[in-house]
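What follows is one structure encoded as structure tokens, with my remarks underneath.
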Amino acid sequence: MTSRDAILAAVRANQPTPAPSLPEIPVFEKMSGSLLEQFREALLRMGGKFVDPPNGENPDRFIRSLFPEAQVICSASSEVIGTRALNSGCEPADLADVDVGIVRAAFGVAETGSIWLSEQDLRVNALAYLAQHLVALLDPGDIVGNLHHVYRDPRFKTARYAVLVTGPSATADIEGVLIHGAQGVRSLTVLPVSRPADNRASV
Amino acid sequence: MRRIDHAEAASQFIAAKAHQEFHDRRLWDLRLKRDREAHGIPEWEELRALASQIKEHTLARLSDYLEEFESRVKENGAHVHWARDATEHNQIVYDILSTRGAKTLVKSKSMLTEECDMRPFLERRGIEVIETDLGERIQQLDDEPPSHIVVPAVHKLRGDVSDVFARTIGAQPGNDDIHYLAETQRQTTRPYFLRAQAGMTGANFAVAETGSFVVCTNEGNADLSANVPKLHIASIGIEKMIPRIEHLGVFIRLLSRSALGSPITQYTSHFRAPREGGELHIVLVDNGRSERLGMRDFWHSLKCIRCGACMNTCPVYRRSGGLSYGATYSGPIGVIIDPTFNIRKYSNLPFASTLNGSCTNVCPVKIDIHEQIYKWRQIIAERNQRPFVKKEMMRIAGKVLADPKLYRAAVSAAGLAIEHLPRFAIYNWLNPWGRQREIPEAPQQTFRGWYLEHRGRP
Amino acid sequence: MRVGLFIPCYVDAFFPAVGIATLELLERLRVEVVYPLDQTCCGQMMANSGSQKDAAGAEALFVANFKDFDHIVTPSGSCAYHVREHLDAIAQTAEVRKTRSNTYELVEFLHDVLKVEAFPWAEFPHKVGLHNGCTTLRKLRTAKASEIDEPFFSKPLDLLSKVRGIEFVRPSRADECCGFGGTFSVFEEPVSAKMGYDKVADHHAAGAEYIVSADMSCLMHQKGCAERVGLDIRFIHIAQILNGDRA
């Protein structure tokens, strides 16, 4: 008997009966307040930054002004050029020297200040982790209320990889002291920038 | 197999005053943060009830969900392996690594791999294994197991970490600045991510509907381990299953709030299929879970989502430290699952509890922890696994308290002893109560004596 | 209403004043109270050690002594909880079940059954820290536990608030266990003592002159700890305050 069959047989024999029913999950809608404002507060609480670029400012130039020392700026979004092209076929380790990575978030979550990214948004998944800093463009219209909304999104069924990024990499493993930039990015900056007209979010 | 002596280990832990007091304060602070989050969500208790019900339903139909999960995983282009026990798990992992010529493995935190004692197994076979979570890395370099499932080095102070890093990874001796220490670990670990041929993660949840699994971290080390090397192996206990993606709304809202008092971890990562050009292997592990599923009084322990809230609230855990339990799983959840691994070795653990019930109240999936602790005590007594002294004391107490005359004689003897014996005869090694406490005075009259004198016979 | 008074073994032996206060208080409230002379124990200590076998004798004796009362009242939350929820080392006859379900802890009885509105004879002009024993708090649910998200309630506080002059202080960890835990206090003595020290120090730092509880077992342990370190704090059972003891 294979291990698979042995395990399934043991589980089948031991599962408690009868099975309690599966409950319906409410959405727990919170009716009050601006989603953008809640998102911003939550993001700040989790150690992220929220910077409103001046109207009409060119995103490339603006981001460079946020990171004047950066040599290698790599963008997964066609809205920003950066200093080096991001080829989706490149080896993840090639991104080891990236100072700033740029993505456009598929959507944001007001409850937690999270942004959602899939391999489509990242082009190379490792960009969001090997870069020293991450900048995310987020259309304020793309912010949903809470995690119940998030987990009704059908894109979880098609994305190979999907991540809710909430602030920068962090740890408090030594004496509870908070460190940003544990293993991943040292900072996460969200820029509320509307999607270009030809890049409406698809669901 | 020697019984773990929790009380003795605890005594040593308490003796290291600065360490113990910090440990207690730090974890109590996590408990308070958890409270603030819980009280900030009006539907908190409802979420707990939903989470409990989803888990109980899933465990009762686990075979169906496991099969559904497996089908989806295969459709997604990933591999499924099944491991009956720890050795089989380790062998499977080794076989995957060796057939692909992988010599270096970076991994994120996984209690399951600790449970299987995977690292020494792989290291003996020539695989270099690097723990990438900061707390786990500290413990690996110090050759000590993790003491807490969420904050593995919580029992160490900065000076201890500084010593470990100076000894092992070339940090400046004596530099105990925490930012420096964290940066040192970042810089020395990063090359491993870049050159490792394989990365390994655990999973907090496995979703049957899509064949996905979810890994929650704050450091992003799981994402580095999974997204840099071409090969990603995930070890998942069979009890981690939940039916649908939508159920994650309940669990993700509960997990980090319970564990650390933050609304979500910095990274909540969902893996459904290998990346382009990559390989994804999932190892489903039993190792006693299917057996525990059949234990009428204890199967609820399988609902555990490994948040550690029970450890943070447990007044005994905070004052004795995770290592005092001598097992991968410590604190309240450890106390109720460890006896299934080895009843004799862990027979003292269910007695390392005051049955105060705080753990049950913070558990996000409503495991009846203190009730299970109580029931384990009965099993341990029935299987004759209690130490002789305890067993005898209870036998004698049982006899005396079943007989009014014997009882009254014992009470008056105790009273006489307390009143007449010199201090050294009462406070000595035979009297554990008296080691650090005064014993009560003997009153002139028992209640019964007073009642007879003032109320007479009814 | 005929009430059988159950006095736990350690109260009978070491703290008879608590039993006396309980009896007198119930009598003041016009309850007919009887103390069966052949009682000993509820069996909790043996049962909590896993020995159903060793608990059986005491449990049977408890039922034999108390089966004919309308209510059984005891100034001990852990004993009341054991009787109601865990007294199952003996055959569960109708008589056993009835006796079990009729058993009340004192605060429960005063608050839920007698619904006492006033204690006019009581006065306690002192700063008091209220300690809710864990079994009484979390299992008998006599007050809100800090872990649970629900509206505040506290039966002991409701009763004590009716006492003239009393002033409450709040320790920083109001419902952290004090570390008695029955035989835990002996077999895990290092942790038990540390928990006891921390508890009394917490109340003392909050300004408590007295620690009051509905559980004398907790107080016995805390008193032992406080006395060993010479901490200036006193201990009193809720029955004593409600019965009018001044100190």
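The values are calculated or read from the model by the stated rules, or taken from the named source; none is laboratory data. On a predicted model such as this, the values are computed, not experimentally measured, just so you know. Here Cβ is always computed from backbone atoms with ideal geometry, including for glycine, and neighbour counts include all displayed protein chains. Areas reflect the complete protein model, heavy atoms only, side chains present, ligands, DNA and RNA absent. Shrake-Rupley method; radii C 1.70, N 1.55, O 1.52, S 1.80 Å.
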* Take the range B:332-357 and flag every residue that is facing chain C (nearest Cβ under 8 Å) and either surrounded by fewer than 22 Cβ atoms within 10 Å (Cβ to Cβ) or free of Cβ contacts under 8 Å to residues at least 24 places away in the same chain (or both). => B:Leu355, B:Gly357
* Output yes when any residue across the range C:118-138 is assigned to a loop (DSSP other than H, G, I, E, B), within 18 Å of the chain's Cα centre (by Cα) and buried (at least 21 other Cβ atoms within 10 Å of the Cβ), and no when none is. => yes
* Structure fact -> Going through the range B:128-148 in order, the residues found to be in contact with a Phe, Trp or Tyr (Cβ under 9 Å, 6 or more places away or on another chain), open to solvent by 10 Å² or more (accessible area, probe 1.4 Å) and closer than 26 Å to B:Glu88 by Cβ are B:Glu128
* Single residue of the range B:168-201 satisfying the filter (crowded, with 24+ Cβ neighbours inside 10 Å and more than 13 Å from chain A (Cβ to nearest Cβ)) that is nearest to the chain's Cα centre (by Cα) -> B:Met200
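Conditions tested, residue by residue: (1) more than 7 Å from every other protein chain (Cβ to nearest Cβ); (2) open to solvent by 10 Å² or more (accessible area, probe 1.4 Å); (3) of a type in the set (Val, Ile, Thr).
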residue: A:Glu119; (1), (2), (3): no, yes, no
residue: A:Leu122; (1), (2), (3): yes, no, no
residue: A:Tyr129; (1), (2), (3): no, no, no
residue: A:Ala136; (1), (2), (3): yes, no, no
residue: A:Asp139; (1), (2), (3): yes, yes, no
residue: A:Arg155; (1), (2), (3): yes, yes, no
residue: A:Thr158; (1), (2), (3): yes, yes, yes
* Do the conditions hold for B:Gly321, that is, is it small (Gly, Ala, Ser), touching a Lys or Arg at 6+ places or on another chain (Cβ under 7 Å) and at pLDDT 95 or above? -> no
* **Residues satisfying the stated conditions in the range C:158-196, i.e. open to solvent by 50 Å² or more (accessible area, probe 1.4 Å) and without any contact (Cβ under 8 Å) to a residue 40 or more places away in the chain** => C:Ser161, C:Ser172, C:Phe187
* To do: Kindly indicate which of B:Arg395, B:Arg386, B:Arg408 is in contact (Cβ under 8 Å) with a residue 24 or more places away in the chain, at the interface with another protein chain (Cβ under 9 Å from one of its Cβ atoms) and more than 16 Å from C:Leu61 (Cβ to Cβ).
  => B:Arg386
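Can you find even one residue in the range B:244-252 that is more than 8 Å from chain A (Cβ to nearest Cβ) and farther than 30 Å from B:His19 by Cβ? Break it down into steps so the answer makes sense when it comes.
Residues of the range B:244-252 that are more than 8 Å from chain A (Cβ to nearest Cβ), as a first pass: B:244, B:251.
If we keep only those that are farther than 30 Å from B:His19 by Cβ too, we end up with B:244, B:251.
Yes, because at least one residue in the range B:244-252 is more than 8 Å from chain A (Cβ to nearest Cβ) and farther than 30 Å from B:His19 by Cβ.
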* Asked: Scanning for something within 12 Å of another protein chain (Cβ to nearest Cβ), open to solvent by less than 20 Å² (accessible area, probe 1.4 Å) and of a type in the set (D, E, K, R), does the range C:55-63 turn up at least one residue?
  -> yes
* Filter result (away from chain B (no Cβ under 11 Å) and charged (D, E, K, R)) within the range C:195-215 -> C:Asp202, C:Glu209, C:Asp215
* Structure fact -> Taking the range B:358-380 and keeping residues open to solvent by less than 20 Å² (accessible area, probe 1.4 Å), of a type outside the set (Phe, Trp, Tyr) and farther than 22 Å from C:Pro190 by Cβ leaves B:Val362, B:Cys363, B:Pro364, B:Val365, B:Ile367, B:Ile369, B:Gln372
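Take the conditions out of contact with any Leu (no Cβ under 8 Å at 6 or more places or on another chain), in contact (Cβ under 8 Å) with a residue 40 or more places away in the chain and of a type outside the set (D, E, K, R) and apply them to A:Gln132. Does it pass?
On the way: out of contact with any Leu (no Cβ under 8 Å at 6 or more places or on another chain): yes; in contact (Cβ under 8 Å) with a residue 40 or more places away in the chain: yes; of a type outside the set (D, E, K, R): yes.
Yes, satisfied.
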* Structure fact -> Picking from C:Val83, C:Val96, the residue that is in contact with a helix residue (DSSP H, G or I) (Cβ under 9 Å, 6 or more places away or on another chain), more than 18 Å from B:Leu452 (Cα to Cα) and either surrounded by fewer than 20 Cβ atoms within 10 Å (Cβ to Cβ) or within 8 Å of chain B (Cβ to nearest Cβ) (or both) would be C:Val96
* Structure fact -> Of the conditions (1) open to solvent by 50 Å² or more (accessible area, probe 1.4 Å); (2) more than 9 Å from chain C (Cβ to nearest Cβ); (3) at pLDDT below 85; (4) farther than 30 Å from B:Arg319 by Cα, the single one that B:Arg423 does not satisfy is (4)
* **Test set (1) closer than 28 Å to A:His149 by Cβ; (2) open to solvent by 10 Å² or more (accessible area, probe 1.4 Å); (3) not acidic (Asp, Glu) - B:Val250 fails condition number** => (2)
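For the range C:111-134, how many residues meet the condition of being touching a strand residue (DSSP E or B) at 6+ places or on another chain (Cβ under 9 Å) and of a type outside the set (Lys, Arg)? Steps first, answer last, please.
Residues of the range C:111-134 that are touching a strand residue (DSSP E or B) at 6+ places or on another chain (Cβ under 9 Å), as a first pass: C:112-113, C:119-120, C:122-133.
Subset that is of a type outside the set (Lys, Arg): C:112-113, C:119-120, C:122-126, C:128-133.
Residues meeting the conditions: 15.
Kindly indicate whether C:Val116 is closer than 20 Å to C:Asp202 by Cα and away from chain B (no Cβ under 14 Å).
Working: closer than 20 Å to C:Asp202 by Cα: no; away from chain B (no Cβ under 14 Å): yes.
It is false that C:Val116 is closer than 20 Å to C:Asp202 by Cα and away from chain B (no Cβ under 14 Å).
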* To do: Please indicate, with yes or no, whether at least one residue in the range B:175-196 is in contact (Cβ under 8 Å) with a residue 24 or more places away in the chain and either assigned to a strand (DSSP E or B) or farther than 29 Å from A:Gly48 by Cβ (or both).
  => yes
* Structure fact -> Taking the range B:315-331 and the residues there that are under 18 Å from B:Arg2 (Cα atoms) and polar (S, T, N, Q), the one that is farthest from the other protein chains (Cβ to nearest Cβ) would be B:Thr328
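Hey, any hits in the range B:213-225 for a residue that's more than 10 Å from every other protein chain (Cβ to nearest Cβ) and at pLDDT 95 or above?
yes
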* Scan the range B:426-441 residue by residue and report those that are among the aliphatic types (A, V, I, L, M), more than 7 Å from every other protein chain (Cβ to nearest Cβ) and open to solvent by less than 40 Å² (accessible area, probe 1.4 Å). => B:Ile426
* Structure fact -> Heads up, the helices (runs of 4 or more DSSP H) in the range B:32-144 (entirely inside) with at least 2 residues that are more than 13 Å from every other protein chain (Cβ to nearest Cβ) and hydroxyl-bearing (Ser, Thr, Tyr) are B:86-99
* Asked: Scanning the range C:220-239 for residues that are open to solvent by less than 10 Å² (accessible area, probe 1.4 Å) and within 10 Å of chain B (Cβ to nearest Cβ), which turns out nearest to C:His131 (Cα to Cα)?
  -> C:Gln222
